[in-house]
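Peer 1: Structure in structure tokens, see below.
The values are calculated or read from the model by the stated rules, or taken from the named source; none is laboratory data. This structure is a prediction, so every number in the text was calculated from the model and none was measured. As a convention, Cβ positions derive from the backbone with ideal geometry for all residues, glycine included, and neighbour counts pool all protein chains shown.
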Amino acid sequence: MSTTKAASLKALTATRPTFRAMDAVQAGTPRAILSRLVREGKLTRLSRGVYAWVDRVSTEYDSLIEVSVRTPYAVFCLLTALQFHHLTTQSPTEVWLALPNKARIPRIDYPPIHVVRYSGASLAEGVETHQIQGQTIRVYCVAKTVADCFKFRNKIGIDIAIEALREAWQQQKVTMTELYHYGKICRVEKIMRPYLEFLA
């Protein structure tokens, strides 16, 4: 019986090799089966309530997938968004998440997360969705990320904000109109203006 349930779980998660225990249970797979598959080396427990098949294809986005499984409403921002869009040579040790002001901080064992509070248009505007291994990844677009870097320059450093702007412009991933648009939303239009004029 357990073998049948394991096979059913494998079929269910064929397009989502990383999944929540809650989703598996709701689909009819008891937690005992998950524990058995972990003992047999077929599943790995990534963090509290999150599992993945050991034979899944690993990607550079594994940590983002794991966090998205736990917090599907969160948006990746700042250093993590820069890395996602290939706008920095830095490799952040934490996953940077944008959350609403009053949202509960998720309890995630791994990877470590760094929460930044957003509100209003600054939270809602510029969100892109990407599908990676069946999981929806929410991340701010390039122009919004650049504007965010200037907004939170005291957190990440003005040098990173300038590098992000330069890389985004040189890689032709943004337009001047987009940069001014998100600069206004993030209320850093005046701060960004000298750097934008230099590019123009």
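Peer 1: Looking at the structure I just gave you, is residue 60 out of contact with any Cys (no Cβ under 6 Å at 6 or more places or on another chain) and either of a type in the set (Ser, Thr, Tyr) or assigned to a helix (DSSP H, G or I) (or both)?
Peer 2: Spelling it out, it is not the case that residue 60 is out of contact with any Cys (no Cβ under 6 Å at 6 or more places or on another chain) and either of a type in the set (Ser, Thr, Tyr) or assigned to a helix (DSSP H, G or I) (or both).
Peer 1: Write out, first by first residue and then by second, each pair whose Cβ atoms fall under 6 Å of each other, whose residues are 6+ apart or on separate chains, and whose first residue, in region 111-139, is assigned by TED's automatic domain parsing to the domain that holds residue 151 while the second is of a type in the set (Asp, Glu) and surrounded by 15 or more Cβ atoms within 10 Å (Cβ to Cβ).
Peer 2: Qualifying pairs under 6 Å: 139/128.
Peer 1: So, one more: Scan region 80-109 for residues that are outside any strand (DSSP E or B), hydrophobic (A, V, I, L, M, F, W, C) and closer than 24 Å to residue 48 by Cβ and jot them down.
Peer 2: Scanning region 80-109 gives 103, 105, 108.
Peer 1: Which residues, counting only those in region 22-60, are closer than 21 Å to residue 112 by Cβ and free of Cβ contacts under 8 Å to residues at least 60 places away in the same chain?
Peer 2: 44, 45, 49, 50, 51, 52, 58, 60
Peer 1: Report, by residue number, each residue of region 83-110 that is surrounded by fewer than 17 Cβ atoms within 10 Å (Cβ to Cβ) and touching a strand residue (DSSP E or B) at 6+ places or on another chain (Cβ under 6 Å).
Peer 2: Correct list: 94, 101, 105, 109, 110.
Peer 1: Can you name the residue in region 11-64 that is at positive phi and touching a Lys or Arg at 6+ places or on another chain (Cβ under 8 Å) and, of all such residues, is surrounded by the fewest Cβ atoms within 10 Å (Cβ to Cβ)?
Peer 2: My answer is 28.
Residue-by-condition table, conditions (1) crowded, with 17+ Cβ neighbours inside 10 Å; (2) at pLDDT 90 or above; (3) touching a Phe, Trp or Tyr at 6+ places or on another chain (Cβ under 9 Å):
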{"position": "124", "(1), (2), (3)": "no, yes, yes"}
{"position": "151", "(1), (2), (3)": "yes, yes, no"}
{"position": "157", "(1), (2), (3)": "no, yes, no"}
{"position": "172", "(1), (2), (3)": "no, yes, no"}
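Peer 1: Now a separate question. Kindly list the number of the only condition in (1) in contact with a Lys or Arg (Cβ under 9 Å, 6 or more places away or on another chain); (2) of a type in the set (Val, Ile, Thr); (3) more than 17 Å from residue 133 (Cβ to Cβ); (4) buried (at least 20 other Cβ atoms within 10 Å of the Cβ) that fails for residue 69.
Peer 2: Exception for residue 69: condition (3).
Peer 1: Looking at 107, 16, can you tell me which residue is in the same structural domain as residue 150 (by TED's automatic domain parsing) and more than 30 Å from residue 146 (Cβ to Cβ)?
Peer 2: Matching residue, one of 107, 16: 107.
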